[in-house]
Amino acid sequence: MMPEMSTFSHKKEKLRVAAYCRVSTKHTEQLESLEIQKSYFETVIRENPNWSLVKIYSDVGSALRTKNRPGYRQMILDGKKGLFDLVSVKSLSRFGRNTVETLAQIREWKQMNIGVYAEMESIDTRKVNDSALSIFLAMAQEESCSKSENIKFGIRARMRSGKAILNHTQFLGYTKGSDGVLVVVPEEAEIVRKIFDLYLQGYGVRKIKRHLEKHGIKTATGKDIWSTSTIDRMLSNEKYIGNALMQKIYTPDFLTGKQEKNDGTFSMFFVENAHEAIVDKEIFEKVQERKKAHSKKLEIFVLRRMVRWRLEKIVFTLVRV
């Protein structure tokens, strides 16, 4: 008599899939693009019978520095916890631009059987070797570098034509209008004028700091504690009289994103009456004169202290002899 056959139902487990979306800026059209990306990936993953949607991670910012990408960092942490099997991205450049760092992350995930699928390149990192992947990533990095240089060229061309390019992130006294020109924020402008007024009354930056904190006046970022260096820079910022000196700083390497002071590497461009002023020019000039005088006094004081220290050292040496 034949033994009774047992029947087994082999149900294939669905692949746990996440998606990563990113745009570079907070401009309205970019934020709309981000929402479209999220909706697209959610639809694609849900409609695939072999996939199960885990989470859609997203960021607004550069792909160069992961510290500015909280969504990316959370995705890495969740990957280490084994919460997904595959991450779908629009392209490798959306995932990361630094070839070395991106390759290292993908290798780490491959050891955990986690893959990255880039739609535009039609690449599944689980199915390509490191050599091929390095080539694709290098191409993505080169493309990003080319885009970066094109953007810089466009910005410098606008500067040469006299159109102000203003980096006003967390800039006390102003916000940006729809046309990109700085617009005065009245309540913040009063704080700026107060700082200039206090300085001309004889307050130093430390005393101004104490005054602002004592009266509960918050910084541009909403903090209760002021920085003396921030106050000092405000007192010398030509934008407060409506002018704009552009390209004071530049970024030598788009991969590091580190900015350096422009000491003549590139031309600087000065635009008068670029936007509405907050501080009168006469007041601004008086502040600059006082700052110069204070700087000269400080220089003399330091020089005298150095001379005195050296004389004391010579006398001490002679006494010992």
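The values are calculated or read from the model by the stated rules, or taken from the named source; none is laboratory data. Note that the coordinates shown come from a computational prediction; the quantities given were computed from them, not determined experimentally. Backbone-built Cβ (ideal geometry, glycine too); neighbour counts: all protein chains shown.
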### Cross-chain or 6+ apart pairs with Cβ under 7 Å, the range 100-117 first and in contact (Cβ under 8 Å) with a residue 24 or more places away in the chain, then charged (D, E, K, R) and assigned to a helix (DSSP H, G or I)
Gly115/Arg126
### Query
Looking at (1) among the charged types (D, E, K, R); (2) modelled with pLDDT under 50; (3) surrounded by 17 or more Cβ atoms within 10 Å (Cβ to Cβ), can you tell me which one Glu149 breaks?
(3)
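Tell me, which residue of the range 41-69 that is in a helix (DSSP H, G or I) and modelled with pLDDT of 90 or more is surrounded by the fewest Cβ atoms within 10 Å (Cβ to Cβ)?
This residue is Glu47.
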